[in-house]
1. Do the sum for the chain: with -39,500 (n - 2.57) for every DSSP H run of n ≥ 4, divided by all residues, what is the mean residue ellipticity at 222 nm, to the nearest 500 deg cm²/dmol?
2. Mean-square fluctuation check for the chain, GNM, Cα pairs under 10 Å: which of 36, 73, 47 is largest?
3. Quick one: Karplus J couplings for the stretch 39-47, per residue in order, coefficients 6.51, -1.76, 1.60, θ = phi - 60°, nearest Hz, x for Gly and Pro?
4. Residue by residue, what Karplus-based ³J(HN,Hα) values in Hz, rounded to whole numbers, does the stretch 67-80 have, using 6.51, -1.76 and 1.60 with θ = phi - 60° and x for Gly and Pro?
5. For residue 2 paired with residue 43, estimate the spin-label separation in nm (one decimal), with each label point 7 Å from Cα along the Cα-to-Cβ line.
6. Provide the descending list of Cα extents for the stretch 21-84 along its principal axes, expressed in whole angstroms.
7. Could you give the nm distance between label points at residue 9 and residue 80, where each point is 7 Å from its Cα heading toward the beta carbon?
8. Contour minus end-to-end for residue 22 and residue 61, with contour as 0.36 nm per residue of separation and end-to-end as the Cα-Cα distance?
Amino acid sequence: MTLGIIGLVLNFFGFFMWFFGAGSLILGIIGVKKAGQAEQFGVAASGGRIMGWINLIIGALELLILVGFIFLGIIAVGAASTSR
């Protein structure tokens, strides 16, 4: 649950935008795995699992947006160079 809280707080304040979602994605993956391990020991970890999945989704969306911007930039450079 701690990793989920850290990931959500940092995403809210935009500190992980410098890494384009990689930090959120990594914290989400670790959080979901740790929640699974905690549930094997009989500890209720549904909150940590949910926050881990939220971080995972936010990180994936940020990376998807980055790839989209790079793709649009390549298209724009290509269109600008052939418009003579």
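1. -28000 deg cm²/dmol
2. 73
3. With coefficients 6.51, -1.76 and 1.60, one gets 5, 5, 8, x, 8, 6, 10, 5, x Hz.
4. Computed from phi, the couplings for the stretch 67-80 are 4, x, 5, 5, 4, 5, x, 5, 5, 5, 5, x, 5, 6 Hz.
5. With each label point 7 Å from Cα toward Cβ, the separation is 0.9 nm.
6. 68, 13, 12
7. Each label point lies 7 Å from its Cα, and together they span 4.1 nm.
8. Result: 13.0 nm gained on full extension.
Values in this text are rule-based calculations from the coordinates and carry no lab data. Quantities reported herein were computed from a predicted structural model and do not represent experimental measurements. Methodologically, a virtual Cβ is constructed for each residue, glycine included, from the backbone with ideal geometry; neighbour enumeration extends over all protein chains shown.
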